[in-house]
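To start, the structure under review is shown below, and the notes come after it.
Readers should treat all values here as calculations from the given coordinates under stated rules, not as data from a laboratory. Here the structure is a predicted model, which means the values were calculated and not measured. All Cβ positions, glycine included, derive from the backbone under ideal geometry; neighbour counts span all protein chains shown.
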Amino acid sequence: MAKKILVIDDEELIIKSLRKLLEKNGFAVFIAKNGQDALVMPEEENFDLIIADIRMPGMNGVETVESINENLKKRNLKKIPIIFITGYADDAIKQKAETLKPVAYIYKPFDIEELVNKVKEILK
Amino acid sequence: MLEQVLNTTNYYLNPYSLPVILASILILSIGLFVLKQNKKSIINIAFFLQCLSVSFWLSTISIVYLSRTQNIALFWYRYFTFFGVVNIMPSVYMFAVTWSGEFQRKKYFVIVNYIIPLLFYILEITTDKIVIPFEIRKYFWGYYPIYGPWAGIFLIFFCIQFFINFRKLYLSYRSEKIPTKTMQIRILTFATLFAFVASSDFLPKFFNLALYPIGYIPMLTYIAVVAYSIVRYRTFDIETVMHKTIMWILTFSFILIPAFFLYKWVSPYIRESIASQMALWAMSFFALAFYLRAIQPKIDHFFQRRKSNLEKISSRFTEDLVHLKGLNQLIRRIEDAIADTLYPRRIGIFIYNEDNKNYKLADAISASREIVYLEGDNQFLLWIAKNNKIVYREFIDIDPKYALIKEGAKNYFNLTEAIVAIPLVLNEKLLGIINLGKKANLKRYSAADFHFLTAIKNQATIAISNSLLYENIEEQVRQRTKELVEVQKQLVQAEKLATVGTLAGGVAHEINNPLTAILTNVQMLLAAGPIDAQLDRESLELIEEATKRCRTIVQKLMAYAKTPLEASEVSQLNLLKALKNVTSFLNYQLEQENIKIAIEAKQDSEYLVLGNRNELEQVLTNIILNAKDAIKRVKKSGIIYISLSEDSNWIKIKISDEGTGIQEEIISKIFDPFFTTKEVGKGLGLGLSICQSIIEKHSGLITVQSKVNAGSIFTIQLPKVKEGIIPAPLQAEA
């Protein structure tokens with residue numbers, strides 16, 4: 001069964017590109033266009049990985065993942081691994097992101113190999 | 001006897017007495033003039049006494065000429081004329097002594113010199129031994145006495161006195177080192193010789209020669225020469241006095257001569273009538289009074305006229321100076337004032353040049369323009385700066401105070417072809433120097449001229465000093481303003497670039513997304529895999545869209561951070577467009593920080609203002625970013641409301657936020673340079689101060705209303721460009 005990946009990003013170009021890339025590599029891709037949308041999804045789908053943008057209008061990526069983890073914790077579910085895709089992140093946000101382990105970073109713009117390898121490594 | 005003397009019928013009008021009377025009046029006038037120059041100087045007093053005795057001698061001998069009878073003539077000669085005669089030599093001696101500065105030492109000699117002649121006088125009036133009675137003869141010019149044997153003794157004494165005087169003068173002439181004094185003594189020596197000849201005009205009578213006694217002429221010459229040499233070094237108006245006196249005498253004789261003929265004509269008829277004689281005297285009195293009241297003041301005025309003109313010109317000059325600020329104007333006015341009054345052939349004005357440490361010819365009237373610079377260390381200029389006196393070339397040789405600078409001064413005058421140098425000295429600093437050439441009429445510069453020049457000098461010095469200061473300040477202000485404008489331009493640009501820096505995160509993020517999309521899709525296409533036309537086309541579309549996005553961002557960035565060259569352009573611009581230009585760029589950042597901008601404006605309106613787009617955009621950027629910061633201090637997200645409105649004259653932009661607001665205590669300071677509420681390192685505090693200066697430069701107004709915890713409203717007002725009327729372009733440099 002294909003592994004399920006949740007992509008949270010506000011940028012249509014990124015969403016479309018990631019969907020193509022990941023689906024081509026045999027993953028099932030779910031999309032949330034902002035934090036709020038993402039929060040309601042993990043309950044329905046049992047995601048294997050979350051790929052999130054950090055800087056987003058409204059709720060940022062770190063806050064979104066925090067909330068998702070809290071929800072999982074409430075239901076005694078295991079934390080989902082996270083890959084943050086980001087242009088740059090200031091130190092405060094990055095520090096906060098470190099607490100959400102397991103976590104990895106990929107900096108935009110990335111090579112597809114880098115992302116695909118990272119995803120495969122986490123989902124091994 | 002006294003009855004006869006007082007009886008006017010015993011006198012007649014004798015024309016030969018007229019020149020004598022005139023000489024007498026002239027000599028007395030000169031004496032009085034010299035005394036007036038310095039009433040306390042013993043020299044002037046001695047000179048006056050000398051004039052007095054000569055005048056007494058001459059005026060009484062003229063009465064002798066007027067006498068009809070021997071008795072009367074003898075009376076006048078013995079009691080009066082002889083008194084004058086004996087007094088001449090002692091007074092000349094006294095004068096010579098005071099002149100050579102020996103009066104205190106030779107006081108007793110002076111007294112003895114007076115006593116001996118007085119003894120002769122007493123001898124004469126008590127014994128008739130000198131002037132032999134009834135030996136007074138009638139010559140064609142009137143009665144004149146024959147001296148008796150005792151007169152020989154008097155004559156010997158007279159000669160001894162003369163030789164003492166002469167020797168005295170000769171010795172002091174030999175020993176005198178000061179050139180002025182030498183010159184004066186030389187004049188005096190010759191004059192004394194004249195005086196001797198004058199006083200000895202009675203000599204021919206010893207030999208029964210009927211020679212007209214012309215002694216009064218050399219005597220007059222003597223007095224005039226001496227007076228001139230006394231006065232010359234203090235005042236130069238002796239010429240005026242001489243002219244004036246001659247004018248008096250001439251005009252007076254216009255009355256005197258007709259009166260004489262009138263008298264001649266009526267005298268046979270009135271000889272017996274006391275009343276007629278009284279009437280005649282009264283008429284004479286009125287004629288004299290008329291002369292003194294009506295004619296003499298006119299003469300005086302005539303000679304004073306030039307002086308009063310000088311005063312008028314000098315006061316007008318002073319008034320003018322108040323209104324002249326430019327140095328060149330001022331210098332031309334000074335030249336005019338001097339040229340119009342003194343008619344010098346040349347005028348040259350040199351002004352000190354601080355940078356080159358020399359004096360530069362500022363302007364010249366017919367003076368040589370070859371000499372343009374005078375060295376600052378010129379010996380004469382250094383000297384004149386210290387002494388601050390007008391220097392007249394004529395005096396350099398004869399006045400001891402120029403002894404040290406003689407050569408330097410001569411060189412200076414040769415170099416500048418001038419004969420008068422007027423220093424403009426303030427606080428021992430020589431600001432400049434005015435050089436005058438000879439007068440066009442070749443006359444000497446008079447005391448009145450120098451008086452005038454001194455007044456001009458003082459006024460000109462202050463005016464030139466002010467003008468130099470003023471020009472200096474003007475120049476400095478110009479320079480500083482230029483620097484400030486330049487610095488401000490740089491500041492605006494620096495602020496702008498700093499904003500770009502602040503916003504770099506937003507921009508990077510904004511570019512990163514399309515870049516990521518491009519890279520991902522390109523790499524997918526490159527990766528060898530089964531060809532899927534549908535998917536490949538989708539990738540290419542994504543790449544195109546992403547690339548276009550990048551292009552837009554780059555264009556906006558370029559538009560925002562213009563080059564400094566474009567930055568200084570002033571043009572008509574649409575304020576709404578400028579605002580949109582700013583917000584579309586700022587939005588990259590603001591969106592990241594959850595801040596929205598809401599613009600309220602009429603889309604059909606042009607909001608035209610005249611200004612520098614770069615600067616106005618900078619103002620908007622600053623205020624919008626400030627609003628963002630104010631909001632972020634109290635909440636996570638918010639809206640910045642911007643509204644544009646216009647009335648007939650103004651375009652108004654209101655930028656309001658619901659942020660922290662500004663405390664009342666600091667609201668008056670927020671436009672001050674370097675005032676900031678941000679923490680150290682977050683801002684220089686130049687933002688709003690630059691905004692204010694930009695808006696003021698655009699003839700606009702920036703104001704703020706604020707309430708703590710409620711928010712702030714910044715309002716910018718700019719003059720509207722009305723249709724068809726383009727306001728005068730703002731100067732990009734101003």
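In whole Å, what is the distance between the alpha-carbon centres of the range B:581-659 and the range B:463-508? If we compute the Cα centre of each part, the gap is 26 Å. Helices in chain A, meaning DSSP H runs of at least 4 residues, each add -39500 (n - 2.57). Divided by all residues, the mean residue ellipticity at 222 nm is -12500 deg cm²/dmol.
In the range B:394-465, which GluC sites (Glu not before Pro) are in a loop and have at most 14 other Cβ atoms within 10 Å, using DSSP for the loop call? In loop regions of the range B:394-465 (DSSP not H, G, I, E or B), the sparsely surrounded GluC sites (Glu not before Pro) are B:428.
Counted by neighbouring Cβ atoms within 10 Å, the residues B:451, B:698 run from fewest to most as B:451, B:698.
Across the range B:1-72, the fraction of Cα-Cα pairs farther apart than 15 Å, rounded to a whole number, is 59%. Working note: Debye formula, equal point scatterers on the alpha-carbon atoms of chain A, no solvent; log10 I(q)/I(0) at q = 0.11 Å⁻¹ is -0.32. Treating each Cα of the range B:471-533 as an identical point scatterer and summing with the Debye formula, the log10 of I(q)/I(0) at q = 0.14, 0.16, 0.25 Å⁻¹ comes to -0.67, -0.73, -0.98.
Neighbour counts of other Cβ atoms within 10 Å put B:716, B:214 in the fewest-to-most order B:214, B:716.
Relative to its Kirkwood radius, the Cα radius of gyration of the range B:401-525 gives an Rg/Rh of 1.62. Cut-off under 18 Å on the C-alpha distance; same-chain residues fewer than 8 positions from residue B:357 excluded. Which aspartates and glutamates are left, in chain and number order? By straight Cα distance, residue B:357 reaches B:375, B:377, B:428, B:471. When the GluC sites (Glu not before Pro) in the range B:317-372 are filtered for DSSP coil states and for at most 16 other beta-carbon atoms within 10 Å of their beta-carbon, the remaining sites are B:354, B:370.
If the reach is capped at under 17 angstrom between alpha carbons, list the aspartates and glutamates near residue B:312, excluding any in the same chain fewer than eight residues apart. Answer for residue B:312, where 17 Å is the Cα cut-off: B:320, B:335, B:336, B:340, B:449, listed by chain and number. Within the range B:392-454, the trypsin sites (Lys or Arg not before Pro) that combine a DSSP coil assignment with at most 15 other C-beta atoms in a 10 angstrom radius are B:443, B:444. Taking a cut-off of 12 Å between Cα atoms, list the aspartates and glutamates near residue B:496, but don't count ones fewer than 8 places away on the same chain. Excluding near neighbours in sequence, the set is B:615, B:617. By other beta-carbon atoms within 10 Å, ranking B:497, B:468, B:616 with the fewest at the front produces B:497, B:468, B:616. Given the pairs A:73/A:94; B:360/B:438; A:4/A:124; B:389/B:457; A:16/B:636, which span a C-alpha to C-alpha distance of over 20 angstrom in this model? Among A:73/A:94; B:360/B:438; A:4/A:124; B:389/B:457; A:16/B:636, the Cα-Cα distance tops 20 Å for A:73/A:94; B:360/B:438; A:16/B:636. With R₀ fixed at 51 Å, the C-beta to C-beta distance from residue B:395 to residue B:668 puts the FRET efficiency at about 0.15. Rg then Dmax, both in Å and based on the Cα atoms of the range B:40-144: 15.8, 48.
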